[in-house]
1. Treating only the Cα positions of the range B:1-58 as identical point scatterers, give the base-10 log of I(q)/I(0) from the Debye formula at each q in 0.13, 0.14, 0.20 Å⁻¹.
2. Nearest to the axis that maps chain A onto chain B: list the chain A residue whose Cβ wins, with the distance in whole angstrom.
3. Could you compute how fast chain A diffuses translationally, taking Rh as the Kirkwood radius over C-alpha pairs and applying Stokes-Einstein at 25 °C with viscosity 0.890 mPa s? Give it in µm² per second.
4. At a 10 angstrom cut-off on C-beta neighbours, averaged per residue, how do the peptides A:30-37, A:55-62, A:4-11 rank from highest to lowest?
5. Cross-link list A:Lys45/B:Lys40; A:Lys48/B:Lys45; B:Lys45/B:Lys76; A:Lys92/B:Lys92; A:Lys19/B:Lys40; A:Lys76/B:Lys76: which exceed 32 angstrom alpha carbon to alpha carbon?
6. Modelling each spin label as a point 7 Å along the Cα-to-Cβ direction, I'd like the B:Asn86/A:Arg16 distance in nm, to one decimal.
7. Stokes-Einstein D for the protein assembly as shown at 10 °C, 1.306 mPa s, Kirkwood Rh over Cα pairs, in µm²/s?
8. Of the options A:Met35, A:Ile67, A:Leu46, report the single residue whose Cα projects farthest towards the positive end of the charge dipole of chain A (beta-carbon charges: Lys, Arg +1; Asp, Glu -1).
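FYI, it's all coordinate maths here, none of it is from the lab. Keep in mind it's a predicted model, so treat the numbers as computed, not measured. Here the Cβ is made from the backbone with ideal geometry for all residues, glycine too, and neighbour counts use every protein chain on show.
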Protein chains: 2
Amino acid sequence: MYLISYDIENDRLRGRISKLLLRWGLHRVQYSVFMGTIGKESLLKLRKELDIYQRNRDWAPSDSILIVPIHQSHIKNIQAIGEWPNRWEEIKGAVNTLMI
Amino acid sequence: MYLISYDIENDRLRGRISKLLLRWGLHRVQYSVFMGTIGKESLLKLRKELDIYQRNRDWAPSDSILIVPIHQSHIKNIQAIGEWPNRWEEIKGAVNTLMI
């Protein structure tokens with residue numbers, strides 16, 4: 001499982017990247033945080049696509065995307081205060097939905 | 001190591017929570033994402049403080065805070081596209097700075 005978060009200043013670029021992440025089967029758990037199960041090979045491909053966005057003219061110098069692996073044994077220790085993401089079972093990988 | 005991210009609508013409440021996280025020794029790695037090493041006992045105390053904020057009148061129904069543990073062996077696999085957080089070595093826990 002991976003957590004991917006971004007700080008992208010430009011609305012249009014941010015929208016495009018959020019759509020890309022959703023297309024790769026990740027789930028939006030917060031406004032700028034996505035989570036989901038994704039294979040290592042798929043992650044490499046996703047990473048390449050994200051690198052292309054980094055060369056986009058709308059990419060600001062302070063923009064960033066973080067890709068954080070979450071250990072399988074640690075998923076149960078994730079805590080949420082407030083609204084727990086919808087479809088949490090799916091996000092955790094009970095169902096591995098890679099829709100691309 | 002933990003990653004803590006939030007979606008907090010109210011500016012003032014968000015500011016107070018960000019200050020709380022920084023006071024607990026976490027580092028801001030993105031606008032709404034914090035990371036750092038924090039012991040299990042300290043995390044329990046921090047969680048209690050965050051729970052109090054959830055009962056604040058400025059807390060919106062859609063607000064959320066996620067607390068995600070990151071396995072020590074996975075830290076080296078964290079990837080950043082764009083701006084890598086300042087003081088990354090410190091964040092990773094080379095120096096465990098709990099300043100409260």
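1. Each listed q corresponds, in turn, to -0.30, -0.35, -0.71.
2. So the closest residue, with its distance, comes out as A:His71, 2.
3. The estimated diffusion coefficient comes to 174 µm²/s.
4. Numbers: A:30-37: 22.9, A:55-62: 11.5, A:4-11: 19.0.
So the order, starting with the most tightly packed, is A:30-37, A:4-11, A:55-62.
5. Beyond 32 Å between Cα atoms: A:Lys45/B:Lys40; A:Lys48/B:Lys45; A:Lys19/B:Lys40.
6. Label at B:Asn86, label at A:Arg16, 3.0 nm between them.
7. Working: Rh = 17.3 Å.
For the chosen part, D equals 92 µm²/s.
8. Of the options given, the answer is A:Leu46.
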